[in-house]
Amino acid sequence: MSSARAFDVVVWGATGFTGRLVAEHLARDYKTGVRWAMAGRSQDRLEKLRLELSEQYGGELRDVPILVGDIKDQASLDSIAAQTRVMLSTAGPFALMGTPVVDAAVRGGCHYVDITGETPWVREIIGKYHEEAKKKNLRIVPCCGFDSIPFDLGALLVVRHLAERYGKQPARVLNVVMGSKGGVSGGTIASGMNAFSEMKRKPELRATASDVYALVPPEAKGGDGEFWGVQFCRELGKYLAPFVMQSCNNRVVHRSNYLLRYTEDSRDFRYQESVAAPSWFAARSVQLGTIAIVTAMSQTWLHPLLKKMLPAQGEGPTREMMLNGFYKNRVLAWSKEPAGEAPVLVQAEVGDPHRDGGYWGTSRMLLESALCLALQQKELEADKTLQKGGVLTPASAMGMLLVERLRKAGLTFKVLEDGAAAAGSS
Ligand SMILES: NC(=O)c1ccc[n+]([C@@H]2O[C@H](COP(=O)([O-])OP(=O)(O)OC[C@H]3O[C@@H](n4cnc5c(N)ncnc54)[C@H](OP(=O)(O)O)[C@@H]3O)[C@@H](O)[C@H]2O)c1
């Protein structure tokens, strides 16, 4: 890629709820060292945002360039992609608005990151762009928000620790949300509703959406499924209930395993995602509540009513909610051993003690992913464990380099304890 490009990062969708937070992190924390521009469909809204940022964070921000594009005008997106090393996109629903942006990135020769959680769309762009991006050494990396960075990089952390400390491969990884606090935005709700509307229009998408192996080739499918039950986890002393965003994260982690070969035969790798609860009754409530939410969202006739009750597009949690939010995950990995031998258990803590994962956290994770691709190209090239191009996952595109960046940004990625453990978790 030409280093003569004007920008390291272009923030596409800067005027949206999450895009604005990305622009704010840049304005506040990267006053120097990063060449960036804000982009979107409305010159007026972008100018308003730039003015607000300059009033809040310094007059020099009045010079941040503005690029205007339209998803129905491919040439306008191509022109933006040609000027930057990385296109960062927060404009969703991605199934409606994402493909022309990825198309511009791949043809225009820049890397790409986004925060989609819409796996049927991710599968579509793998089919369309993986090979070309691979040939061109371009890293196209969807799912760089709360879905799925903490889960994908959490799994990578424990798998790497098993390999480096014990020379072992994992049989199984369990990612558990131990606690979290935050809100939800209108854009997220719109994307969820659109996913269900699309499934109604195209019933074939239903099978993709419920397949934990949706993002790997058919020959790489193993025997995993989604976890919708309630079970006891002996290691944590907690009950486990289903986690709603397994619908994205499981697929991403399985793609990372496929691309990075966590196990010699990637089909042997098992992965589960859950929420911890203090009692069986609490876990059962979470399970039933999760099923109720998914069922309500899947009823398209309810969408007009839900839209009236929930935040509108462009709206989201208050700053206070985001800065008083937190999330704390526990990741467990059991090594693969011959029958009858006790596996090694490795555990890690992943999270952010001071900010929500959904928006403040997501915008930061997305920005750090973009900066990793824009500014750490030599280190990325030197890391032989990483994929150099294609439609990738955070773990397979940036791996431990991104973990390091996120640690510096205040996130927790900590291996807790290790040693032999009894087989099984529940
Ligand atoms: N993975 C995660 O953890 C995570 C977390 C948060 C959000 N998300 C996802 O991120 C996306 C954005 O969420 P949000 O709450 O920030 O949404 P939002 O506030 O509604 O912002 C959407 C953005 O898309 C732009 N946009 C809408 N229609 C467009 C069009 N036709 N052409 C060009 N741009 C268009 C909007 O521009 P205007 O300002 O001009 O309208 C705005 O910048 C959603 O898909 C959501 O699900 C994911």
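The values are calculated or read from the model by the stated rules, or taken from the named source; none is laboratory data. Source: prediction; values computed, not measured. Neighbour counts are summed over all protein chains in view; Cβ atoms, including those assigned to glycine, are modelled from backbone coordinates with ideal geometry. For accessibility, only protein heavy atoms count, side chains too; no ligands or nucleic acids. Shrake-Rupley method; radii C 1.70, N 1.55, O 1.52, S 1.80 Å.
For this structure, a couple of remarks:
- Accessible solvent surface per residue of the chain, calculated while the other protein chains remain in place, 1.4 angstrom probe, Å²: 41
- Short-range pairs are left out: with C-alpha atoms under 8 Å and at least six residues apart, the relative contact order of the chain is 22 percent.
- Within the accessible area of the chain (1.4 Å probe), percent carbon and sulfur: 54
- Peptides 105-118, 327-340, 288-301 ordered by average Cβ neighbours within 10 Å, highest first: 105-118, 327-340, 288-301
- A Cβ-based charge dipole, computed about the Cα centre of the chain with Lys and Arg at +1 and Asp and Glu at -1, lands at about 120 debye.
- Anisotropy class of segment 279-324 from Cα gyration tensor, a/c 1.5 cut: oblate
- Three-way shape call for segment 7-141 based on the alpha-carbon gyration tensor, with the a/c threshold at 1.5: prolate
- Packing-based ranking of 155-164, 309-318 yields 155-164, 309-318, ordered from highest to lowest mean Cβ neighbour count within 10 Å.
- Highest-first arrangement of 48-58, 218-228, 274-284, 251-261, where packing means the average Cβ count within 10 Å: 251-261, 274-284, 48-58, 218-228
- Cα-based reach from Lys384 at 16 Å (exclusive), listing lysines while leaving out same-chain residues under 8 positions away: Lys134
- Counting only lysines at least 8 places from Lys307 when in the same chain, those with an alpha carbon closer than 26 Å to its own are Lys72, Lys181, Lys200, Lys202.
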